[in-house]
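Asks: Let me begin by handing over the structure; questions about it come next.
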Amino acid sequence: MRRLFTLSVFLFGMGCATQAQQIVTNQEKISINMTASESIEADVIVFNININAEGDTPRNAFSLHKERETVLANLLKKFDINEEDINFQPIRINKRYTNNGKSQLSATSQQVSVTFTDFEIYEDIQLTLIENNFDSFNGNFSSTKMEEGKEKALLSAIEAAKQKAEIIAKVSGVTLGNVINISYSDYVVTRPKSYARTEMMTMDASSSMMDFAQTVSITANVSIEFAISN
């Protein structure tokens, strides 16, 4: 009589726990969940700025907003930021009540995202924005090799899943067959490196955290079902 069973194994790499479970069903397969990561050097900063202004009338709020918009536009031109690296949304204007709930203010907002490779201008941009009453902005490290990193992480996860499936099939006394089903996802985490850039041999008064190399960690998750036979 033919033996029918499913061996489901959930394996999470990168220091996570490993669990194994055997379930009797009417299908023969091995299910593997695997995680793998690829680290690539962060070579760009994505800087997000929110231009906002308030006024007692919509026109006054809009006028102040345009002044701040001009400051930002001139700043980006000063540092030769390419147009293709600047993304922005249209200006929004809405009414806002004060704390007493009686008087109204008009408020504007506009989201701008800027990408640049020169890390040295990052602090100068922030200081200029603060000096001109900008109060909402943040930056994140990213990489121009993001797609390459995603592909490498995915390939690593698939290969690791296949190796685990082969080991489990061998130990279980079954033959590993073709892939029945596969699905995957990926996400990105920025993590600091523990070393400084090679050109930074000594620390001095002008040193800052921006002197240290950063990496972007791309993690791929795959779920693969392999057919098995006795």
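Coordinate-derived values only; no laboratory data. Bear in mind the structure is a predicted one, so any value in this text is a computation, not a measurement. Every residue, glycine as well, gets a Cβ built from its backbone with ideal geometry; the counts of neighbours run over all protein chains shown.
Asks: So which lysines can Lys78 reach, going by Cα to Cα under 25 Å and dropping same-chain residues fewer than 8 places off?
Replies: Excluding near neighbours in sequence, the set is Lys66.
Asks: Under 18 Å Cα-Cα from Lys29, which aspartates and glutamates qualify once same-chain neighbours fewer than 8 residues away are excluded?
Replies: Glu159, Glu166, Glu225
Asks: I'd like to compare 87-95, 66-74: which one has the highest average count of other Cβ atoms within 10 Å, and what's the full order after that?
Replies: Per-residue mean Cβ counts within 10 Å order the peptides as 66-74, 87-95.
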